[in-house]
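Heads up: the structure comes next, in structure tokens.
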Amino acid sequence: MKIKKGDTVLIISGKDRGKKGKVLHAFPKVEKVSVESVNLLKKHVSPEKQKQQKQGQKTGQIVEFPAPISVSNVKIMCPKCNKATRIGKENKERVCKKSNQKI
Ligand SMILES: [Zn+2]
């Protein structure tokens, strides 16, 4: 998989189309990535679980987290030319297909 954790990507399909964000996690086996502030799902944290983290807090809490999306729904933003691009590989290094620079 050519997209890695820490890359900035542009969402090209789905409800978050047009958003940009940083890749928080890459899941190469399933070809998915989770992207900051994209495809947010709500998860309820039970008081019991939370107690282990924060002593004394008794109410549950809703937390939002980015659910993984398919890499086919994103394009990498080239940090060198600042455009959504495709990546080529040259001698194991990633190369922007627009600017031909290593990224
Ligand atoms: Zn580029």
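The values are calculated or read from the model by the stated rules, or taken from the named source; none is laboratory data. Source: prediction; values computed, not measured. Reconstructed Cβ throughout: ideal geometry from the backbone, glycine too, with neighbour counts over all protein chains shown.
Quick notes on this structure:
- Just one of the numbered conditions (1) more than 9 Å from the ligand (Cβ to nearest atom); (2) surrounded by 13 or more Cβ atoms within 10 Å (Cβ to Cβ) is not true of Asn91: (2).
- Failed condition for Ser99, given (1) surrounded by 12 or more Cβ atoms within 10 Å (Cβ to Cβ); (2) modelled with pLDDT of 95 or more: (2)
- All positions within the range 63-88 that are surrounded by 17 or more Cβ atoms within 10 Å (Cβ to Cβ) and near the ligand (Cβ under 8 Å from one of its atoms): Cys78, Thr85
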